[in-house]
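First the structure, in the form of structure tokens, and then the observations on it.
Derivation of every value follows stated rules applied to the coordinates shown; laboratory data play no part. Predicted model only: the values in this text are computed from it and were never measured. Here the Cβ is made from the backbone with ideal geometry for all residues, glycine too, and neighbour counts use every protein chain on show.
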Amino acid sequence: MNKAGRIISVTPPFAIPGGEISIECEAFKVGGDSECACLIGGVKAHLIGASANRVLALVPADFDETETEIHLESGGEQSESFAYTVGKKLADDLHIVANPAIDPKDDSIIVTRSGTRGQKLPVTLLRLETDGYLSEMPADILTPTAIAFNRSGNLFATNRTDGEVCRINHDEEVVPYATGLGIATGIAFDKEDVMYIGDRSGTIYRVREFGVSEPFAVLEPSVSAFHIAFGPDGKLYITAPGLASFDAVHVVDEDGYDEKYFRGFGRPQGLAFDRDGNLYIAATFQGIHGIVRIAPNAASAEMFVAGMNVVGLCFTRKGEMIVATNDSIYSVSCGVYGTLLD
């Protein structure tokens with residue numbers, strides 16, 4: 001075996017540019033007269049640490065390949081390649097604070113340029129067409145936070161400044177749907193298409209019909225947002241980022257009773273389920289930033305996509321995960337399908 005050794009595995013199985021990956025290897029020569037490196041698609045990656053059996057590296061921030069290969073290099077010798085998938089950047093110059101959303105009518109992606117609370121921006125909602133064209137939506141909504149389609153295909157957005165949720169008609173007409181929702185952040189719909197809104201000051205509201213809301217559950221306040229999603233069991237799952245590095249995912253049953261589902265995350269944010277009941281969360285887990293996958297019934301958790309500043313995600317009908325950072329969105333071809341795109 002040459003000085004570069006052999007790559008055994010790479011975790012997480014996917015990454016976006018800037019993400020930290022861990023390469024398990026054997027017989028990698030480090031130190032002495034051997035200059036070592038990690039090459040991703042032929043580009044030298046920044047090494048965080050290296051030993052004979054493990055290498056920590058960052059995917060180059062401007063990396064533009066998707067299906068690529070990883071090599072280790074030492075003393076002028078190179079290991080055999082290891083196939084790896086990196087997410088493709090779809091759009092930038094955004095300001096995203098929660099999950100993006102897929103339009104069920106045409107598979108376009110709705111994203112935000114949210115701005116700080118109370119900040120008035122000329123354009124706050126954008127639509128990324130399937131051909132890659134990013135168009136500005138004329139809908140005038142202040143600080144949109146969470147966006148979601150209900151089962152009838154109507155688009156809704158929360159406005160955390162005014163404490164309301166609005167329906168967006170034909171990309172331009174903004175109709176206030178419910179008000180008095182505190183610092184309205186998260187949004188989700190149950191199996192009966194009833195709307196739920198997360199107020200980051202501590203309340204989950206249920207909006208049964210136009211203009212009529214009621215408190216559903218009360219949790220500890222969040223420093224930034226409540227992110228919410230319904231699981232296949234009909235329960236509401238919630239992340240509420242705090243200042244600790246051991247935050248929990250909460251689960252609330254139909255009676256509004258709150259329990260801890262899984263604990264151990266740093267700043268957990270956007271979340272979504274796949275068809276197999278796995279829960280995906282934008283968070284830091286065991287020191288790695290990106291998307292975490294939690295197995296059904298919280299049996300285990302593992303990093304699934306490595307990436308910095310990740311705030312949310314959603315799934316397309318093509319088995320792609322759309323990963324949102326605070327300023328960009330990426331497509332990761334991971335073969336995973338979401339629960340609401342049947």
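Relative contact order for the chain using alpha-carbon pairs under 8 Å, separation at least 6, rounded to a whole percent? Can you show the working numbers first?
On the way: 1027 pairs, mean separation 45.8, N = 342.
For the chain, the relative contact order is 13 percent.
Cα-based Rg of the chain per 2.2 N^0.38 Å, rounded to two decimals?
Rounded to two decimals, the normalised Rg is 1.04.
On a C-alpha basis, how far is the centre of the stretch 163-242 from the centre of the stretch 263-280 in Å? Whole number, if you could?
Comparing the Cα centres of the stretch 163-242 and the stretch 263-280, I get a distance of 18 Å.
In the stretch 128-233, which GluC sites (Glu not before Pro) fall in coil by DSSP and have 14 or fewer other Cβ atoms within 10 Å?
Numbers: sites: Glu129, Glu136, Glu164, Glu172, Glu173, Glu192, Glu209; in loops: Glu129, Glu172, Glu192.
Passing sites in the stretch 128-233 are Glu129, Glu172, Glu192.
How large is the charge dipole for the stretch 1-131, taken about the Cα centre, if only the Cβ atoms of Lys, Arg (+1) and Asp, Glu (-1) carry charge, to the nearest 20 debye?
580 debye
List the lysines whose alpha-carbon lies under 21 Å from that of Lys44, not counting same-chain residues fewer than 8 positions away?
Straight-line reach from Lys44, under 21 Å: Lys3, Lys29, Lys88, Lys89.
Please name whichever of Phe216, Ala148, Phe226 sits farthest to the positive end of the charge dipole of the stretch 88-333, dipole taken about the Cα centre and charges placed at Cβ: Lys and Arg +1, Asp and Glu -1.
Phe226
Over the stretch 168-218, what relative contact order in percent results from Cα pairs under 8 Å that are six or more residues apart? Present the calculation step by step, with values, prior to reporting the outcome.
Details: 80 pairs, mean separation 13.5, N = 51.
It rounds to 26 percent for the stretch 168-218.
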